[in-house]
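See structure below.
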Amino acid sequence: MVCATVLAAAIPASAPVAAAYARAGRKAGTPTTLERALLHSHELWATIDVCSPADQPDTVGIRGSMPGDTLKGAGKRAGEKMYMSFRLQYMSASGQWLDLAGGSSFVAVGSAASARQGGTSFDLKPVAGKPAVTLRGVVDFEWRRGRTVAVSAEQPTSAGHKSLAGADPADFSAATCVIG
């Protein structure tokens with residue numbers, strides 16, 4: 001669980017949300033068949049699965065899903081591990097998404113032999129007298145071979161996904177969450 005103040009100093013949002021290719025020794029932007037399959041898979045997603053329910057007030061949960069590297073027709077890279085990191089963004093008065101301080105570091109979610117899900121929760125402290133804040137999550141994904149990042153991607157949260165654990169209520173999935 002990560003604690004953050006809803007209106008903490010913002011870190012400028014990263015580059016526009018899009019898949020990023022990071023393979024050693026190759027020009028960025030030239031994805032392999034496997035990279036294209038991973039980055040366009042229906043198993044690659046992020047969602048808000050907790051949004052201040054009665055039993056977890058002011059808590060936002062983010063869950064991500066990433067495909068394994070054994071997608072049909074895409075080949076296989078033995079020994080890869082998958083990692084995710086999670087961050088919250090808030091909608092600024094000017095309509096931009098800005099990062100809140102206190103995102104997670106990368107956590108291992110398992111072998112790339114099959115699809116994996118992972119998640120974290122943020123316990124927020126709304127500032128009294130301030131207006132409600134609209135939040136979304138962003139999940140950063142990495143497929144690694146040893147210490148080398150073979151493929152990376154980032155996804156903002158969207159609705160309509162099935163969390164295998166942690167959603168409150170059990171079928172909750174949203175793109176954004178309003179706190180405060």
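Please treat every number below as a calculation from the coordinates, not as lab data. Remember, predicted model here, so these are calculated numbers, not experimental data. Reconstructed Cβ throughout: ideal geometry from the backbone, glycine too, with neighbour counts over all protein chains shown.
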field: Residue-count net charge about L98 - beta-carbon cut-off 13 Å; Lys, Arg +1, Asp, Glu -1
entry: +1
task: Consider just the alpha-carbon atoms of region 59-180 and return their Rg together with their Dmax, both in angstrom.
output: 16.0, 55
Ranked R63, R36, R87, criterion: other C-beta atoms within 10 Å, fewest first: R36, R87, R63
field: Ascending count of other beta-carbon atoms within 10 Å, so fewest first, for D140, D69, D49
entry: D140, D69, D49
field: Alpha-carbon centroid distance for the pair region 138-180 / region 89-131, whole angstrom
entry: 9 Å
- request: Between S94 and D171, with labels modelled 7 Å along Cα→Cβ, what's the label distance in nm to one decimal, could you check?
  value: 4.1 nm
field: Estimated inter-spin distance, T134 and T148, nm [label 7 Å along Cα→Cβ]
entry: 4.3 nm
task: Mind ranking 118-130, 93-105 by how tightly packed they are, going by the mean number of other C-beta atoms within 10 angstrom, highest first?
output: 118-130, 93-105
- prompt: How do M82, M91 rank when sorted from fewest to most other Cβ atoms within 10 Å of their own Cβ?
  reply: M91, M82
- prompt: For G110, what charge total do you get from the other residues with a beta carbon under 14 Å from its beta carbon, if Lys and Arg give +1 and Asp and Glu give -1?
  reply: -1
Qualifying aspartates and glutamates (Cα of each under 15 Å from Cα of K125; at least 8 residues distant if same chain): D58
Sites Q56 and S111 - FRET efficiency at Förster radius 41 Å, r taken between beta-carbons, to 0.05: 0.85
